[in-house]
Amino acid sequence: MRILFLSSEVAPYSKTGGLGDVSGTLPGVLAERGHEVVVLTPRYATVPKEGLSLRGTLWLHFPFGAQWAEIWETRAGNLRTLFVHQPAYFERAGFYAEGGVEYADNHRRFAFFSMAALSAAQMLGLCPQVVHLNEWQTCLAALALKRGYESTQLGQAKTLLTIHNLAYQGIFPSWAVEELGLPWELFSPDGFEFWGQMSFLKTGLVFADALSTVSRRYAQEIQTAEYGFGLDGILRKRSNVLRGILNGIDSKLWNPAEDTFLPARYSKEDLSGKEACSQALLKRFELSSAPKRPPIFGMVGRMVEQKGIDLVLGAIPKLVEAGARMVIVGTGEQRYEQAFRELAGRFPKQVGVFIGFDENLSHNVEAGSDFFMMPSKFEPCGLNQLYSLRYGAIPVVRAVGGLEDSVVDASGEGVVDEVSTGIKFHEFSLEAFEAALRRALGLFEKPKVLLAMRKRAMGLDFSWDCAAKEYEALYESLLEAAP
Ligand code: ADP
Ligand code: GLC
């Protein structure tokens, strides 16, 4: 199949979270499986031009700002990655925001990106059968293919929109309709209007031929008022075309047996290297390991409400009291960053904090931790718990979204069973999280049970093969569907 894949983040070129990981891996896996895949993404300041070749310059007709874009390309086998280069929009210090403040022209930047992506496809004579969109940043392409491109070959392509996180919707004041030159008749509840504003994501939900999200559980949750962020109505309406496909992981990049970021490597057959990683992590953060090797609780992630940061902050003093050590790596809201810095200052020998984005460190936290904390308020898929399972860091998770779908709870304290891979709790409360952490501490006292659970977790297969097949089947069903 010929697939065009649009994403505002593609690792290793750009990444703020899991979207970058997914867009950096899935297209390559599909290409390896024999499909012709072209990825389109902005050329941010993080993407050097060396190694890329210029494919042409486009002129776009927008009622605002920059009108041209250069298209740069890199190829690997069946996979082509095209970068939309327009320095005024994309060569900035951040991807979406700077100093915690969203760029005021994000509606223009990503309308521009989406239109330039389609225009590039046309210029290069690509004839995709499927256009796979991701997140609100690419949603205007779904509308443009139906209104504007409908009489072209490109307009015959079927569109799939994958929702990675419903909390991010791309909502702008109604004047954005005028500014972007969009048709006012679509500014209605059946179109892209959302409580008096213009919604990019809703545009995609209405105009894409099919919708998917990144776990089965989340596909159900977003159809409820509790997790639907105001869009549950339209999602229920379109539930016949909505699917949940659990993300995979890049099992070459995230493999403790070959991970060159680590001071020692290990596998489920021989975990001695993991202990070396734990010791190195304690040392790196200058945490004490006296009087005996303490349990280590890790966390890596965006410091935003979604991730249950309030619960982690609340639980740390009791974990310290219980003799545990914590290593926290992340960046995000300033109030959270500040709160973690304060805790590290208060407990310098027990709590290690790194505020910032550090790929190397994220691998070292997975490898060095005994337990990995993800008490998320909601979690569409979550990749960190999948990395944790692979690295034998037992995930302590709230039973939502992809966390619910990928972790099997040890039912009861340190129970010996054949299937459990982690610890789950249900209610979003400090009490429930603390009870789960107590179960983790109990498990640490039973090394044999813990080891068996680690090995089980490390033996699971979360590679992309399975998910890639599901996407293939979904693309195929779209092509078979009546026009
Ligand atoms: P989300 O996409 O909601 O942020 P995921 O668990 O799906 O959550 O993916 C997060 C990805 O981003 C993981 O690869 C994680 O290691 C990475 N990540 C998040 N914050 C940081 C950070 N501060 N440093 C390094 N990697 C990070
Ligand atoms: C989002 C979600 C996360 C998911 C990722 C990749 O950022 O918050 O749960 O794993 O996208 O799909």
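The values are calculated or read from the model by the stated rules, or taken from the named source; none is laboratory data. Predicted model only: the values in this text are computed from it and were never measured. We place every Cβ from the backbone using ideal geometry, glycine too, and count neighbours over all the protein chains shown.
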Check your understanding: Any residue in region 248-258 that is part of a helix (DSSP H, G or I) and either closer than 27 Å to residue 132 by Cα or at pLDDT 95 or above (or both)?
Key -> no
Point to revise | Filtered residues of region 410-428 (kept if outside any strand (DSSP E or B), without any contact (Cβ under 8 Å) to a residue 40 or more places away in the chain and either at negative phi or within 22 Å of the chain's Cα centre (by Cα) (or both)) | key: 411, 413, 415, 416, 417, 418, 419, 420, 421, 426, 427
Point to revise | Unique match (being more than 27 Å from the chain's Cα centre (by Cα) and at negative phi) among 80, 55, 75, 92 | key: 55
Review point. Of all the residues that make up region 141-155, how many are within 22 Å of the chain's Cα centre (by Cα) and over 14 Å from residue 5 (Cα atoms)?
Key: 0
Review point. Is there a residue in region 468-477 that is surrounded by fewer than 16 Cβ atoms within 10 Å (Cβ to Cβ), within 18 Å of residue 274 (Cβ to Cβ), of a type in the set (D, E, K, R) and touching a residue at least 24 places away in the same chain (Cβ under 8 Å)?
Key: no
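Taking the conditions exactly as written (surrounded by 18 or more Cβ atoms within 10 Å (Cβ to Cβ), within 16 Å of ligand 2 (Cβ to nearest atom) and on the phi < 0 side of the Ramachandran plot), does residue 154 satisfy them or not? Outline the logic, then answer.
On the way: surrounded by 18 or more Cβ atoms within 10 Å (Cβ to Cβ): yes; within 16 Å of ligand 2 (Cβ to nearest atom): no; on the phi < 0 side of the Ramachandran plot: yes.
Taking the combined requirement at face value, the residue does not satisfy it.
For (1) on the phi < 0 side of the Ramachandran plot; (2) within 11 Å of ligand 1 (Cβ to nearest atom), each residue gets a yes or a no:
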| site | (1), (2) |
| --- | --- |
| 377 | yes, no |
| 381 | yes, yes |
| 386 | yes, yes |
| 392 | no, no |
| 403 | yes, yes |
| 408 | yes, no |
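Let's see how each residue does on (1) within 16 Å of ligand 2 (Cβ to nearest atom); (2) of a type in the set (Ser, Thr, Tyr); (3) more than 22 Å from residue 168 (Cα to Cα):
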residue	(1), (2), (3)
6	yes, no, no
76	no, no, yes
90	no, no, no
104	no, no, no
115	no, no, no
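I'd like to verify a number: residues in region 140-187 that are within 16 Å of ligand 1 (Cβ to nearest atom), of a type outside the set (Gly, Ala, Ser) and not in a strand (DSSP E or B), how many? If you could, list the steps in order and put the result at the bottom.
Of all residues in region 140-187, those within 16 Å of ligand 1 (Cβ to nearest atom) come to 162-169.
Keeping just the survivors that are of a type outside the set (Gly, Ala, Ser) gives 162-166, 168-169.
Narrowing the set further to residues that are not in a strand (DSSP E or B) leaves 164-166, 168-169.
Number satisfying all stated conditions: 5.
Condition test on residue 341, is it under 26 Å from residue 254 (Cβ atoms) and of a type in the set (Lys, Arg)?
Numbers: under 26 Å from residue 254 (Cβ atoms): no; of a type in the set (Lys, Arg): yes.
Against the criterion (under 26 Å from residue 254 (Cβ atoms) and of a type in the set (Lys, Arg)), residue 341 does not qualify.
Here is a yes/no grid of residues against (1) crowded, with 24+ Cβ neighbours inside 10 Å; (2) closer than 24 Å to residue 300 by Cβ; (3) in contact with a strand residue (DSSP E or B) (Cβ under 9 Å, 6 or more places away or on another chain):
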| position | (1), (2), (3) |
| --- | --- |
| 399 | no, yes, yes |
| 408 | no, yes, yes |
| 417 | no, no, no |
| 422 | yes, yes, yes |
| 429 | no, yes, no |
| 447 | no, no, no |
| 454 | no, yes, yes |
| 464 | no, yes, yes |
Practice item. Tell me, please, whether a residue that is at pLDDT below 95, over 30 Å from residue 472 (Cβ atoms) and out of contact with any strand residue (DSSP E or B) (no Cβ under 9 Å at 6 or more places or on another chain) can be found in region 277-285. Key: no
Exercise for review: Mind telling me which of the residues 274, 268, 307 ends up being of a type in the set (Lys, Arg), within 16 Å of ligand 1 (Cβ to nearest atom), touching a residue at least 60 places away in the same chain (Cβ under 8 Å) and within 24 Å of residue 457 (Cα to Cα)?
Suggested key: 307
Revision key, fill the gap. Filtering region 457-478 for residues that are at pLDDT 95 or above and in a helix (DSSP H, G or I) leaves a count of 15
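Search region 327-354 for residues being among the charged types (D, E, K, R) and free of Cβ contacts under 8 Å to residues at least 12 places away in the same chain, and hand back the single one that is farthest from residue 101 (Cα to Cα). I'd like the intermediate steps shown before the answer.
Residues of region 327-354 among the charged types (D, E, K, R): 333, 335, 337, 341-342, 346, 349.
Narrowing the set further to residues that are free of Cβ contacts under 8 Å to residues at least 12 places away in the same chain leaves 335, 342, 346.
Numbers: 335: 14, 342: 23, 346: 29 Å.
Residue satisfying both the conditions and the ranking: 346.
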Practice item. Exactly one condition in (1) at pLDDT below 95; (2) within 13 Å of ligand 2 (Cβ to nearest atom) is not met by residue 403; state its number. Key: (1)
Check your understanding: Restricting to region 188-222, what's the tally of residues that are surrounded by fewer than 20 Cβ atoms within 10 Å (Cβ to Cβ), touching a residue at least 12 places away in the same chain (Cβ under 8 Å) and assigned to a loop (DSSP other than H, G, I, E, B)?
Key -> 4
Review point. Counting just the residues of region 13-33 that are at pLDDT 95 or above and surrounded by fewer than 18 Cβ atoms within 10 Å (Cβ to Cβ), which one comes out farthest from ligand 1 (Cβ to nearest atom)?
Key: 33
Check your understanding: Out of (1) free of Cβ contacts under 8 Å to residues at least 60 places away in the same chain; (2) touching a strand residue (DSSP E or B) at 6+ places or on another chain (Cβ under 6 Å); (3) of a type in the set (S, T, N, Q), what's the single condition that is false for residue 46?
Key -> (2)
Revision key, fill the gap. Taking region 273-313 and keeping residues within 16 Å of ligand 2 (Cβ to nearest atom) and assigned to a helix (DSSP H, G or I) leaves 305, 306, 307, 309
